[in-house]
Amino acid sequence: MNLCKLYKQYRDCWWGLPLILPLLILPIIKIANAYTYIEGGKTYLYYLPLPFMLCMMLFFGWKSLPGLITAMSCYITRDLHFVEKIGMTLQFIIPTMLAWGGYQFFNQQRKMISHGDTRLMAHRLFWQMFIPATVFLVLLQFTLYIGLYPSLGDTRWASPLTQRNLINYQSLLMGYLTGVPLCYLLIRLIRNPYYLRSFISQVRRDFDPKVTWAEMLIWWGAVLSIMSMLMMPMTQASTIFSTNYTLSLLLPVMLWGSMRFGYRFISVAWTLIVIVAIHYHYHYVPKSAGYSVQIAITSSSYLIFSFIIAYMAMLSSRQRLIHERVRRIAFIDPVVSLPNMRALSRAMNAMPWSVLCFLRMPDLEVLTRHYGIMLRINYKQNLAKSLSDILGQGEGVYQLTGSDLAVLLHTESYKDRVESLYEHIQQFRYYWNGIDLPPRLDTTLS
């Protein structure tokens, strides 16, 4: 218990998680990077350290800078000269700071909610994808133009309008689009391990209620079949399904998953699929004539697919949430805020045997004419709250027309239950502006 208190007290200090997490996670994050060589230069197809740095800034702010700089000096700029280390560090920090500062300034409220909210999608696409990727590429071109990295033989300046720069830019955009939600979830789980239960609950809530285990198995089978065709090394006997043509088959399967399983599940699954597929890109994009063009097309396909899948998953999750809210509101009386007759009918259909007790308050009509409609509303709400304390699971109080209420009871020993209910009603007291108002209550069984 004391360790948990100490952890919660000091985890957000600059020498706590902001310093430790980059040193531990950055070398693991780098495993997801994928690159190739195009036009004699190193070209990245997927890059995850930058999204991780942005998520660290989103969680810990300025406190994460010492940890990020230390981790960069250990794993990214370790073999560079002093001037090159400073230039590379600034090249990573400046886009991250601009993206973090802009997002914080223009989203003062609800800025730290989980990814998947359509109301923040435009802001996050602009500040957490477009701005950092564009600024990083511009700074990279500038530093290469002035020759700041002479020790990097595989990185040299080229015209901005080249296929290599296009692929680099697409990989940065895709890294931010898919990597930020994944790194955000990873940091949040490490910072608060109990969030795992909440995340699993959110994933279940995102699922369509009609999804079955059979549908899940069929979907996973389709995904694994397509991935197995992509991962098969190309030979003389390979067919068109061993090329990047198979990527076009992956989109409808992932759209099916995004519409049925929601954003939280599909975002994690799609990011892992993208990392594996890009890491083994040489299995379905052979190095032959037009290799750079094929890599550019494949990279753009991943980027476009990622946006479409994420957007459709957000829309489907939000649509199900709105539909469930509308269904829930349809069973609540809008005036008294008690379950209405539709809710009573549904509850009676769900219970094969039940006892219905009607509560009629004739004096309430007279009191309503003298003191107003709010008295009847408040009286019913207080009476229903008082009765709910002695009702069991599956039993409830329901709103009827006029001054009546209905109480649904189980049939087990219902006579004793009705007597205890009547005694409880007789003891109920209601005060309106300090005046004791005991309306007469009539009870009827059905």
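The values are calculated or read from the model by the stated rules, or taken from the named source; none is laboratory data. Just so it is clear, the model here is predicted, and its values are computed rather than measured. Using ideal geometry, Cβ is built from the backbone for each residue, glycine included, and neighbour counts are taken over all protein chains shown.
Points to keep in mind about this one:
- Residue within segment 98-111 that is part of a helix (DSSP H, G or I), among the hydroxyl-bearing types (Ser, Thr, Tyr), within 18 Å of ILE86 (Cβ to Cβ) and free of Cβ contacts under 8 Å to residues at least 60 places away in the same chain present: no
- Verdict on MET72 being modelled with pLDDT under 90, surrounded by 15 or more Cβ atoms within 10 Å (Cβ to Cβ) and assigned to a helix (DSSP H, G or I): yes
- The set of residues in segment 382-399 that are more than 36 Å from the chain's Cα centre (by Cα) and surrounded by fewer than 12 Cβ atoms within 10 Å (Cβ to Cβ) contains only ASP389.
- In the condition set (1) touching a helix residue (DSSP H, G or I) at 6+ places or on another chain (Cβ under 9 Å); (2) at pLDDT below 90; (3) among the aliphatic types (A, V, I, L, M), LEU255 is compliant with all but (2).
- Residues within segment 23-65 that are at negative phi, in contact (Cβ under 8 Å) with a residue 60 or more places away in the chain and outside any helix (DSSP H, G or I), tallied: 12
Yes/no per residue for (1) basic (Lys, Arg); (2) modelled with pLDDT under 90; (3) crowded, with 18+ Cβ neighbours inside 10 Å:
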{"position": "GLN170", "(1), (2), (3)": "no, no, yes"}
{"position": "SER225", "(1), (2), (3)": "no, no, no"}
{"position": "LEU230", "(1), (2), (3)": "no, yes, yes"}
{"position": "ALA237", "(1), (2), (3)": "no, yes, no"}
{"position": "PHE241", "(1), (2), (3)": "no, yes, no"}
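- Flag for PHE52 being crowded, with 19+ Cβ neighbours inside 10 Å, modelled with pLDDT under 90 and within 27 Å of the chain's Cα centre (by Cα): no
- Of the candidates THR134, THR162, THR178, the single residue that is over 25 Å from ILE266 (Cβ atoms), out of contact with any Leu (no Cβ under 8 Å at 6 or more places or on another chain), hydroxyl-bearing (Ser, Thr, Tyr) and modelled with pLDDT of 90 or more is THR134.
- Any chance SER301 is crowded, with 18+ Cβ neighbours inside 10 Å, within 22 Å of TYR176 (Cβ to Cβ) and among the hydroxyl-bearing types (Ser, Thr, Tyr): no
- Residue check, GLY87 farther than 30 Å from LYS8 by Cβ, in the same structural domain as PHE136 (by TED's automatic domain parsing), at pLDDT 85 or above and part of a helix (DSSP H, G or I): yes
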